[in-house]
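J.: The structure's right below; bear with me while I get my questions together.
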Amino acid sequence: MGNTKSSALSKELLEELKSNTKYTEAELCTWYQSFLKECPSGKITKEQFEGIYASFFPGADPTAYARHVFRSFDTNADGTLDFKEYIVALHLTSGGKTLQKLEWAFALYDVDGNGTISKNEIQEIVRSIFNMIPAEDQKKLPEDENTPEQRAEKIWAFFGKKENDKITEGEFIQGVMDNKDILRLIQYDEPQRIKDKLKEKKQ
């Protein structure tokens, strides 16, 4: 019937996603089918996105983090993610090139989108990351980074900034590339859990 077109990825988009991500044609087609099943409109709203995140973290509260992640991937700022934005998001958070990941991380931390990061913005994102770490795991963190405030302070100190300074994208990327420890501090390492979850869904 006339329905085949809507449930198949366009050749152009398929080629673009294959060349820009590490996913195969088969994976992209499978994901597209499940994407349409979850989101028949072809778009994910912020609420749906938060719901997806919530299902990955049943014992925590990922709402704030999911909201920031959503904002950073909603490249055209229309309040929804289409399939392309969604796949680029998946790719970047689970296996993108380091530079792409860092550009995304900068966008995540640049809460107001003004092109620089302030200390408050770092605190805001780190706090949302902590909401997702189960309490017993928080206890296992090193003493100088086991609260959002301490972790934000540690990141800020690493960049050698004064209280009211700002970090530019170039400084951020260079700083993190020069020190892998900062990469660990700025991210919540969720991709493996999400990949496992996606595998479960496929079976």
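J.: Out of GLU163, GLU149, I need the residue that is open to solvent by 70 Å² or more (accessible area, probe 1.4 Å) and in a loop (DSSP other than H, G, I, E, B). Which one?
T.: Details: GLU149 fails: in a loop (DSSP other than H, G, I, E, B).
When all the criteria are applied, what remains is GLU163.
J.: Now for a different question. Please enumerate the residues belonging to region 77-136 that are among the basic types (Lys, Arg), in contact with a Leu (Cβ under 9 Å, 6 or more places away or on another chain) and either touching a residue at least 40 places away in the same chain (Cβ under 8 Å) or open to solvent by less than 20 Å² (accessible area, probe 1.4 Å) (or both). So that I can check it myself, show each step before the final result.
T.: Keep residues of region 77-136 that are among the basic types (Lys, Arg), which gives 84, 97, 101, 119, 127.
Subset that is in contact with a Leu (Cβ under 9 Å, 6 or more places away or on another chain): 84, 101.
Result: LYS84, single match.
J.: Considering only region 42-58, how many residues are assigned to a helix (DSSP H, G or I) and closer than 26 Å to GLN138 by Cα?
T.: First pass over region 42-58, keeping only residues assigned to a helix (DSSP H, G or I): 46-56.
Adding the requirement that they be closer than 26 Å to GLN138 by Cα leaves 49-56.
Residues that pass the stated criteria total 8.
J.: Given (1) outside any helix (DSSP H, G or I); (2) among the charged types (D, E, K, R); (3) loosely packed, with under 14 Cβ neighbours inside 10 Å, where does ASP61 come up short, assuming only one miss?
T.: (3) is the only condition that ASP61 fails.
Condition check ((1) under 29 Å from PRO134 (Cβ atoms); (2) assigned to a helix (DSSP H, G or I)) across all residues:
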{"position": "TYR23", "(1), (2)": "no, no"}
{"position": "TYR65", "(1), (2)": "yes, yes"}
{"position": "LEU99", "(1), (2)": "no, yes"}
{"position": "LEU102", "(1), (2)": "yes, yes"}
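J.: Of everything in region 49-58, what is open to solvent by less than 70 Å² (accessible area, probe 1.4 Å) and either acidic (Asp, Glu) or free of Cβ contacts under 8 Å to residues at least 24 places away in the same chain (or both)? Give them in sequence order. Lay out the reasoning, then the answer.
T.: Step one: filter region 49-58 for residues open to solvent by less than 70 Å² (accessible area, probe 1.4 Å), giving 49-57.
If the condition is that a residue be open to solvent by less than 70 Å² (accessible area, probe 1.4 Å) and either acidic (Asp, Glu) or free of Cβ contacts under 8 Å to residues at least 24 places away in the same chain (or both), then GLU50, GLY51, ILE52, TYR53, ALA54 are the ones that fit.
J.: Please verify whether region 31-43 includes one or more residues that are open to solvent by less than 70 Å² (accessible area, probe 1.4 Å), modelled with pLDDT of 90 or more and under 16 Å from PHE73 (Cβ atoms).
T.: Yes, that holds for at least one residue.
J.: Here is a list: LYS46, LYS101. Which entry is among the basic types (Lys, Arg), more than 24 Å from GLU169 (Cβ to Cβ) and within 16 Å of the chain's Cα centre (by Cα)? Even if it seems obvious, please write down each step before you answer.
T.: Details: LYS101 fails: more than 24 Å from GLU169 (Cβ to Cβ).
One residue alone meets the criteria, LYS46.
J.: To continue, here is another question. Residues of region 167-187 being more than 22 Å from ILE133 (Cβ to Cβ) and more than 18 Å from the chain's Cα centre (by Cα), which ones? Break it down stepwise before answering.
T.: Just the residues of region 167-187 that are more than 22 Å from ILE133 (Cβ to Cβ), to begin with: 167-175, 177-178.
Hits for region 167-187 are ILE167, THR168, GLY170, GLU171, GLN174, GLY175, MET177, ASP178.
The values are calculated or read from the model by the stated rules, or taken from the named source; none is laboratory data. Only a predicted model underlies this, so the values are computations on that prediction, with no experimental measurement involved. All Cβ positions, glycine included, derive from the backbone under ideal geometry; neighbour counts span all protein chains shown. SASA here: full protein model, heavy atoms, side chains in, ligands and nucleic acids out. Shrake-Rupley method; radii C 1.70, N 1.55, O 1.52, S 1.80 Å.
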